[in-house]
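The values are calculated or read from the model by the stated rules, or taken from the named source; none is laboratory data. Model, not experiment: these values are computed from the prediction. Positions of Cβ are generated from backbone atoms using ideal geometry, with glycine treated the same way; all protein chains shown enter the neighbour counts. With ligands, DNA and RNA removed, areas are computed over all heavy atoms of the protein, side chains included. Shrake-Rupley method; radii C 1.70, N 1.55, O 1.52, S 1.80 Å.
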Amino acid sequence: MVSDIINVENLVKVYPGGTRAVDGISFSVRESEFFGFLGPNGAGKSTTIQVLTTLLKKTSGSVTVAGYDVDTDAREIRKVIGVQRQETILDGDLTGRENLTIQGHLQRLHGTALKKRVDELLALVELSDVADKRAAQYSGGMKKRLDLASTLVHKPRLLFLDEPTSGLDPQSRVAIWEHLETLNSDEGVTVFLTTQQMEEADRLCHRLSILDHGEIVVSGSPVELKHQLGGDTITMSFANSDSGIKDRSKRIVNGIQGVTKVLDVETGLAAYAKNASALVPDIVRLFDENEIRLTSISVASASLDDVFLQHTGRRIRSEELSKVDTWKHYM
Amino acid sequence: MDHDALFDVWHLFIRAGKKTIRTPVIIFGTLALPVLFLVLFTQIFTQFGNLPGFPAGGYVQFATAGIIVLNPLINAQYSGTAVVDDINSGFLSKMLVTPVNRPAILFGRLLNDTIMVLIPAGITLALAYALGVTVITGALGILLILFTAAFFGLSMSGLTMAIGVTTKSAQVVAGLDLVIIFPLMFVSTALVPYEFLPHWAQAFSNVNPFSYAVNAVRALMSTGFDWSTILAAYAVIAVFAAVTIGATLYQFRSVEK
Ligand SMILES: Nc1ncnc2c1ncn2[C@@H]1O[C@H](COP(=O)(O)OP(=O)(O)OP(=O)(O)O)[C@@H](O)[C@H]1O
Ligand SMILES: [Mg+2]
């Protein structure tokens, strides 16, 4: 039997001020799975992580991590998890090496084994050269890498990473992705990751839940989720933004053969179709005939953002849209 | 405490020590204040010693006891500041997701802060000795004087930590010198004999743990093993320390969740 390393049932977290940050979510993560929480700002991702990592008391529901109850066996949980918070947390007065060493000590490691492990991690996050400089003097990205390394000192079975690559340059980001993939595939480390980046979730996660307003909107593997959309995305925006135009346009696009779904988006409409690129000339012609002025039309392969859009009616972040095959000001 | 807890205290003490050593202003303050106080107070107030009714031995002999306990009173703010820093930087929460023994986080810090009390106390004694001050109770007395300073320092650190953990505010801890430290310092027997204090100040001094600590040190320096004064001081400091450190530990549990 494959056991669940994380099991969450009806988790609710209401902050003292009354904010219902997590509103009855249930999910489970299997041993050695790479699991993701994808959601916009304020969705409740960090709150969930804090409850799972024994930092925050839940309001109700049941949570077990590594087979232990968060309320009664927090101590046991802390021995097997590694946690990287969303904010980079280091002791700026200590050097990079000392930061890793103190984390090792807090995990009750010592001696040459710890020394070796620290050197290994410094090399891994490419900080060996600056290992004896104070962390306060590191750049933001270096701090983030050191922080990640400090969560790995004791070789945790289960890693919680709260937006581990936000603020990193593309090169560092890819390096960290590769390392996380190796940890997961070679050493069987279970990873629970939160992100706002579709690309990250898409690449890393075996399975993910999309979170919005404290609730899980949909769960599944990236492929499954995108598959449900039925194809690529065609995004259109219009010169005239009144709702009458939008409704008419929607009817027109809906009538085109091959279109599986049309959704309202802030900037106009999004349509889904298998052979999206081939439909663009038809769409443009039909709008032309109906005297609707398009300002842009673009085609992109369906992304997790589209999944999010489909379930919430909003995009996580508009700038995350991949801009493939764009015909700006086509008309 | 089990073995793991001692291990934790030790490593967190080392961390606190490194942080202290790497903060020049703390080192400078700790080394310079005893000198400054001793020179300043004894220069300014030295004529006091000639007033009728002033304890025998002169002002320097008298004030040294006050200055020895003044350093822990002032240095205690660093304990509160350190806790607030760890809370606000998130480092505390980073420690709390590890199996580290919870009280060890406080005691590692307190161990460092105790050493930071013993150093200026030692400097003050040495300097005072050079100025002709004597310790009537000898080597054992000196040990007890250092112990008194450290014990009092612990209770004061407890106070600033409790306030730091509760308010999580660096400003509040920084403001403690005006609200708590200066009143304790001036309305006490540190720099002025009890008999010279006005009645209201005597009343305050009677409940001021700082005065008790000063009186014990002064007795050890000038009178002898006056156990009633010394034990009274230890009793008062013990109660004060139990309350402040207890409050810190209690508050600490709520930071955790
Ligand atoms: N300590 C707190 N006290 C009160 N409310 C909080 C606290 N922390 C978070 N919240 C609220 O809970 C909700 C969820 O916040 P959370 O930090 O879990 O979101 P998130 O998904 O991690 O967002 P982000 O992507 O911005 O990190 C938000 O409405 C937030 O304002
Ligand atoms: Mg967050």
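Observations on the model:
- Restricting attention to segment A:269-305, the residues that are of a type in the set (Phe, Trp, Tyr) and either out of contact with any helix residue (DSSP H, G or I) (no Cβ under 8 Å at 6 or more places or on another chain) or open to solvent by 60 Å² or more (accessible area, probe 1.4 Å) (or both) total 0.
- Considering A:253, A:191, the condition of being open to solvent by less than 10 Å² (accessible area, probe 1.4 Å), over 20 Å from residue A:312 (Cα atoms) and part of a helix (DSSP H, G or I) is satisfied by A:253 alone.
- Residue match in segment A:159-166 (condition: in the same structural domain as residue A:39 (by TED's automatic domain parsing), closer than 19 Å to residue A:190 by Cβ, charged (D, E, K, R) and away from ligand 2 (no atom under 16 Å from the Cβ)): no
- Restricting attention to segment A:159-175 and to residues that are within 22 Å of residue A:32 (Cα to Cα) and open to solvent by 10 Å² or more (accessible area, probe 1.4 Å), the residue that is farthest from the chain's Cα centre (by Cα) turns out to be A:175.
- Residue A:107, sole failed condition from (1) within 12 Å of chain B (Cβ to nearest Cβ); (2) in contact with a helix residue (DSSP H, G or I) (Cβ under 7 Å, 6 or more places away or on another chain); (3) within 21 Å of residue A:191 (Cα to Cα): (2)
Conditions tested, residue by residue: (1) within 14 Å of another protein chain (Cβ to nearest Cβ); (2) farther than 30 Å from residue B:132 by Cβ; (3) assigned to a loop (DSSP other than H, G, I, E, B); (4) of a type in the set (A, V, I, L, M).
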| site | (1), (2), (3), (4) |
| --- | --- |
| B:16 | yes, yes, no, yes |
| B:28 | no, no, no, no |
| B:47 | no, no, no, no |
| B:62 | no, no, no, no |
| B:69 | no, no, no, yes |
| B:92 | yes, yes, no, yes |
| B:110 | no, yes, no, yes |
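- Search result, residues across segment B:200-230 that are within 18 Å of residue B:136 (Cα to Cα), open to solvent by 10 Å² or more (accessible area, probe 1.4 Å) and in a helix (DSSP H, G or I): B:215, B:218, B:222, B:223, B:227, B:228, B:229
- Of all residues in segment A:217-249, those satisfying the criterion of being in a strand (DSSP E or B), touching a residue at least 24 places away in the same chain (Cβ under 8 Å) and over 13 Å from the mean Cα position of the chain (by Cα) are A:217, A:218, A:232, A:233, A:234, A:235, A:236, A:237, A:238.
- Top-ranked residue in segment A:139-158 [being hydroxyl-bearing (Ser, Thr, Tyr) and surrounded by 22 or more Cβ atoms within 10 Å (Cβ to Cβ); ranked as farthest from residue A:182 (Cα to Cα)]: A:150
- Within segment A:51-81, tally of residues that are assigned to a helix (DSSP H, G or I) and open to solvent by 40 Å² or more (accessible area, probe 1.4 Å): 3
- Test: residue in segment B:18-32 that is surrounded by 15 or more Cβ atoms within 10 Å (Cβ to Cβ), closer than 30 Å to residue A:156 by Cβ and touching a helix residue (DSSP H, G or I) at 6+ places or on another chain (Cβ under 9 Å): yes
- Sub-7 Å Cβ pairs linking a first residue in segment A:192-216 that is in the same structural domain as residue A:161 (by TED's automatic domain parsing) and within 13 Å of ligand 2 (Cβ to nearest atom) to a second residue that is among the basic types (Lys, Arg) and assigned to a helix (DSSP H, G or I), at least 6 apart or interchain, are A:194/A:45; A:211/A:45, ordered by first then second residue.
- Counting the residues of segment A:78-94 that are in contact with a Leu (Cβ under 7 Å, 6 or more places away or on another chain) and either within 17 Å of residue A:6 (Cβ to Cβ) or within 7 Å of chain B (Cβ to nearest Cβ) (or both) gives 4.
- Candidates A:157, A:97, A:117, A:75 - the one that is within 10 Å of chain B (Cβ to nearest Cβ) and among the basic types (Lys, Arg): A:75
- For segment A:16-33, the count of residues that are closer than 18 Å to residue B:93 by Cβ and free of Cβ contacts under 8 Å to residues at least 12 places away in the same chain is at least one.
- Considering segment A:38-63, the residues that are without any contact (Cβ under 8 Å) to a residue 40 or more places away in the chain and more than 8 Å from ligand 1 (Cβ to nearest atom) include one that is farthest from the chain's Cα centre (by Cα), namely A:57.
- Filtered residue count, segment A:18-69, keeping only those that are within 16 Å of ligand 2 (Cβ to nearest atom), within 14 Å of another protein chain (Cβ to nearest Cβ) and hydroxyl-bearing (Ser, Thr, Tyr): 3
- Output for segment B:209-257, where each listed residue is polar (S, T, N, Q), over 18 Å from residue B:68 (Cα atoms) and touching a residue at least 12 places away in the same chain (Cβ under 8 Å): B:244, B:248, B:251
- Of all residues making up segment A:82-123, the number that are under 24 Å from residue A:56 (Cα atoms), assigned to a loop (DSSP other than H, G, I, E, B) and open to solvent by less than 50 Å² (accessible area, probe 1.4 Å): 5
- The number of residues in segment B:141-158 being of a type in the set (Phe, Trp, Tyr) and closer than 14 Å to residue B:236 by Cβ comes to 2.
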